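For reference, the structure is listed below as C-alpha cells.
The values are calculated or read from the model by the stated rules, or taken from the named source; none is laboratory data. This is a predicted model, so every value here is computed, not measured. Glycine also receives a Cβ, built like all others from the backbone with ideal geometry; neighbour counts cover every protein chain displayed.
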C-alpha cells in the first residue's frame, strides 16, 4: 500500500451500502453439509469516501451486516476532480489487475459490476476502467480500492516535490 492513504472516521457520514457479491460456502463433515455465506460490501457517501468489507456468517443478513461493519472501519478518501480521477492508475491484487483512466464529462462509468460499485460509491461519475486477469469480485474490489488509494491529487504532488500547484500543471 502507498503511504499516502487517507483514512476517514465514520462519525457523521451518510454512507450507502452496495452488496457486490454473496457466495454460499459448503463444508462437508461427517454429520452432513454445513452452509455458510460470504458477502463483500462496498460503502460510500458518494462524495470521495469509500470502503469495503467482507463478512461470513450462517445467514445472508448476518454476513452482510458484518461486511458493512468492517467496511465502515476501512474508509478511505479518494481525490475526485470534476467527477473523474486526476490521472491514470493501475493496481494488482492477487490475480486481479485493474486500471482506471480519467474520462470527459458525460462519459459515465465504463466498468464491470464490482468496479462500478466501488467507483459509484466514491462519487466518481466519469471514468474508463477495466479488469484484466481474475474476474473474482473479491479480488477486483480490493484491486480497485488499492488503485484509488494510490491516486494523488495536485496538492499532494506539489507538497512532495516542494513546488507550487501552478508548476505542477505547467511542467
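Couple of notes before you dig in:
- Lone unmet requirement of (1) farther than 21 Å from residue 116 by Cβ; (2) at pLDDT below 90; (3) surrounded by 13 or more Cβ atoms within 10 Å (Cβ to Cβ) for residue 1: (3)
- Each residue in the stretch 69-84 was checked for being more than 13 Å from the chain's Cα centre (by Cα) and either crowded, with 21+ Cβ neighbours inside 10 Å or more than 30 Å from residue 56 (Cα to Cα) (or both), and 5 of them qualify.
- Condition check for residue 26: loosely packed, with under 13 Cβ neighbours inside 10 Å, outside the structural domain of residue 120 (by TED's automatic domain parsing) and over 20 Å from residue 121 (Cα atoms): yes
- Considering residues of the stretch 91-108 that are at positive phi and over 16 Å from the mean Cα position of the chain (by Cα) only, the residue surrounded by the most Cβ atoms within 10 Å (Cβ to Cβ): 108
This table checks each residue for (1) under 16 Å from residue 148 (Cα atoms); (2) in contact with a helix residue (DSSP H, G or I) (Cβ under 9 Å, 6 or more places away or on another chain).
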{"site": "27", "(1), (2)": "no, no"}
{"site": "45", "(1), (2)": "yes, yes"}
{"site": "90", "(1), (2)": "yes, yes"}
{"site": "94", "(1), (2)": "no, yes"}
{"site": "101", "(1), (2)": "yes, no"}
{"site": "104", "(1), (2)": "no, no"}
{"site": "109", "(1), (2)": "yes, yes"}
{"site": "114", "(1), (2)": "yes, yes"}
{"site": "119", "(1), (2)": "yes, yes"}
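The rows are residues; the columns are (1) surrounded by fewer than 20 Cβ atoms within 10 Å (Cβ to Cβ); (2) within 11 Å of residue 100 (Cα to Cα); (3) not assigned by TED's automatic domain parsing to the domain that holds residue 106.
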position: 120; (1), (2), (3): yes, no, no
position: 129; (1), (2), (3): no, yes, no
position: 133; (1), (2), (3): yes, no, no
position: 136; (1), (2), (3): yes, no, no
position: 140; (1), (2), (3): no, no, no
position: 144; (1), (2), (3): no, yes, no
position: 147; (1), (2), (3): no, yes, no
position: 152; (1), (2), (3): yes, no, no
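- Unmet requirement for residue 114, which otherwise passes all of (1) outside the structural domain of residue 24 (by TED's automatic domain parsing); (2) closer than 18 Å to residue 47 by Cα: (2)
- Subset of the stretch 158-167 that is surrounded by fewer than 16 Cβ atoms within 10 Å (Cβ to Cβ) and touching a helix residue (DSSP H, G or I) at 6+ places or on another chain (Cβ under 7 Å) - its residue that is farthest from residue 67 (Cα to Cα): 164
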